[in-house]
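See below for the structure under consideration.
Derivation of every value follows stated rules applied to the coordinates shown; laboratory data play no part. Quick caveat, the model's predicted, so the values are computed rather than measured. Cβ coordinates were reconstructed from backbone atoms using ideal geometry, including for glycine residues, and neighbour counts include every protein chain displayed.
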Amino acid sequence: MTGLVLLLLAVAAAAGFGLYRRRTDGTFAAAAPASPTAWSAVATAVPEAALGARATLVQFSSAFCAPCRTTRVVLADVAGRADGVAHVEIDAEQHLDLVRALDIRRTPTTLILDREGHEVTRAAGAPRREQVLAALPALQES
């Protein structure tokens, strides 16, 4: 009987965690203020990357991450359709110093930078296209 109770508790805990992750994965949250711009750290680590005129979608990925492939497609699609938006994908395993400097805790993580390169928001997990588009209106050209 004790084993059955433990099993039910474990299933309930796993289901609760799964529902929590499903609800929060890919949602954008306000970025913590940082002293140097996020772009200066990215540009130092990946000099061939270009800052978008309106916004830059910076994606941190890893080689064996299935959600990273989905995120790449979504972000590339948004960048291709939205004027002045660039997409930069960074391999987290090859840029560990940058990962530490920007406090990236999992892949995929997407940062949205404004036109000056300041981090506006970030999402851990694979964001949906609608979530990315909803995060961009705040970055209208002035």
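So here's what we get for this one:
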quantity: Qualifying chymotrypsin sites (Phe, Trp or Tyr not before Pro) for region 1-109 [loop in DSSP, other Cβ within 10 Å: at most 16]; calculated: Phe64
quantity: Computed log₁₀ I(q)/I(0) - Debye formula, equal Cα scatterers, no solvent, the chain, q 0.12, 0.15, 0.18, 0.20 Å⁻¹; calculated: -0.50, -0.71, -0.98, -1.18
quantity: Computed helical MRE - 222 nm, the chain, DSSP H runs ≥ 4 contributing -39500 (n - 2.57), nearest 500; calculated: -13000 deg cm²/dmol
quantity: Degrees separating the helix 66-81 axis from the principal Cα axis of the chain, which is the longest one; calculated: 30
quantity: Choice from Leu96, Leu113, Leu57 showing the highest fluctuation, given a GNM over the chain with Cα pairs closer than 10 Å; calculated: Leu96
quantity: ³J(HN,Hα) computed for each position of region 117-131 - Karplus, 6.51 cos²θ - 1.76 cosθ + 1.60, integer Hz, glycine/proline x; calculated: x, 7, 5, 9, 7, 8, 9, 9, x, 8, x, 7, 3, 4, 5
